[in-house]
Amino acid sequence: MQVGHLALAGTIASFAPEITAAAGVPRVEAWSVESLAVVFVAHYLPNFDVIPIKLGWATDRFHCSYSHTLLFAAAVGAALWPFNASWAVLAVVSLLLHFVADSGSSVGLPLLLPFSRKRYSLYLWADTGHSGWFAFRSTYQQAWTWVTEGGMFVVLAARCHQLRVWPFS
Amino acid sequence: MFEYRRTPYLGLVFAAAIGFAVTWLLETPERPLTLAQAAIFYALSYLPGLGLAMLTDPAPRKAKAEYLKVDFYAPRDVGEAGE
């Protein structure tokens, strides 16, 4: 998933009160600066693995590896928990939903690294690289990316309507 | 991107169905959607609608099959040597 991550992160931030209440941690308001910042940073955090690749510190295979694992999500949650439990919960949910969103890609997610190298994928679309115009264009030549990512924008609009946010206020 | 000329138009049909379903689910008598708000839902519904239409078109399937043959994460020096 590429552009659809934007809509998914926005949708997660819209559910911040429900997520924090369900976890029994201090409530965070929907689409507050706090919820948007935590959710967007956490949701995009796995894709920051492109930075060491671009800097030449890692090979292309580093993409969708350790940053897309359950251990990474747990580590981020554990690191945030002592400072702010609500942020930890929102971050873990954002990370797990990032993995769900990426599960359609053929590159597969090594969710159980370092315990298992098995990659999990629904093979809905072929992965064509971690960045660049070709990767972007070729992703949207495939049907399921439109279904899943476009669907997320419809869901985000529905949340705008439910929360009476412009243009549904 | 499409092999059939009908695909973008078929996307409109799917978009209408999705848009209708979404507005039916969200709209209440106390809070009817304005024309502009309904138009936003129908316009956004074209994105997944087009995707559903693309599922009936061979071109996206062929593109996926071609891309699946390529390892886009292969080490670059090996790839260049192979070429």
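Here are a few things to note about the model shown:
- For segment B:7-35 versus segment A:1-57, the inter-centroid distance based on Cα atoms is 28 Å.
- Residues of segment A:128-169 whose accessible area (probe 1.4 Å, heavy atoms of protein chains only) drops by at least 50 Å² once all protein chains are present, relative to their chain alone: A:141, A:143, A:146, A:147, A:154, A:161, A:168.
- Among A:46, A:26, A:110: highest mean-square fluctuation, GNM of chain A, C-alpha pairs under 10 Å: A:26
- Computed helical MRE - 222 nm, chain A, DSSP H runs ≥ 4 contributing -39500 (n - 2.57), nearest 500: -16500 deg cm²/dmol
- Size of electric dipole in segment A:57-169: Cβ of Lys, Arg +1 and of Asp, Glu -1, about Cα centre, debye, nearest 20: 100
- Across chain A, the relative contact order, built from alpha-carbon pairs under 8 Å that are at least six residues apart, equals 23 percent.
- For chain B, the relative contact order works out to 43 percent when only alpha carbon pairs closer than 8 Å and six or more residues apart are counted.
- Highest-MSF residue in chain A out of A:109, A:95, A:124 [GNM, Cα springs under 10 Å]: A:124
- Accessible surface of the protein assembly as shown, 1.4 Å probe, proportion on carbon and sulfur as whole %: 70
- 10 Å Cβ shell holding at most 13 others, DSSP loop, chymotrypsin sites (Phe, Trp or Tyr not before Pro): longest site-free stretch of chain A: A:1-56
- Positive-pole candidate from B:48, B:22, B:32, dipole of segment B:1-70, charges at beta carbon: B:48
- Restricting the trypsin sites (Lys or Arg not before Pro) of segment B:33-70 to loop positions (DSSP other than H, G, I, E, B) with no more than 11 neighbouring Cβ atoms within 10 Å leaves B:69.
- Solvent-accessible area per residue for segment A:111-169 (1.4 angstrom probe, square angstrom): 53
- Buried solvent-accessible surface, both chains (A, B), 1.4 Å probe, Å² to nearest 100: 2800
- Put a plus charge on the Cβ of each Lys and Arg, a minus charge on the Cβ of each Asp and Glu, and nothing anywhere else: the dipole of segment A:110-169 about its Cα centre is then about 160 debye.
- Shielding by partners - mean other protein chain Cβ count within 10 Å, residues of B:14-20: 1
- Summary: within chain A, the longest segment free of trypsin sites (Lys or Arg not before Pro) located in DSSP loops with at most 15 other C-beta atoms within 10 Å is A:28-116.
The values are calculated or read from the model by the stated rules, or taken from the named source; none is laboratory data. The structure presented is a predicted model; accordingly, all values stated were derived computationally and were not measured. In this analysis, Cβ positions are derived from the backbone assuming ideal geometry, glycine residues included, and neighbour counts consider all displayed protein chains. For accessibility, only protein heavy atoms count, side chains too; no ligands or nucleic acids. Shrake-Rupley method; radii C 1.70, N 1.55, O 1.52, S 1.80 Å.
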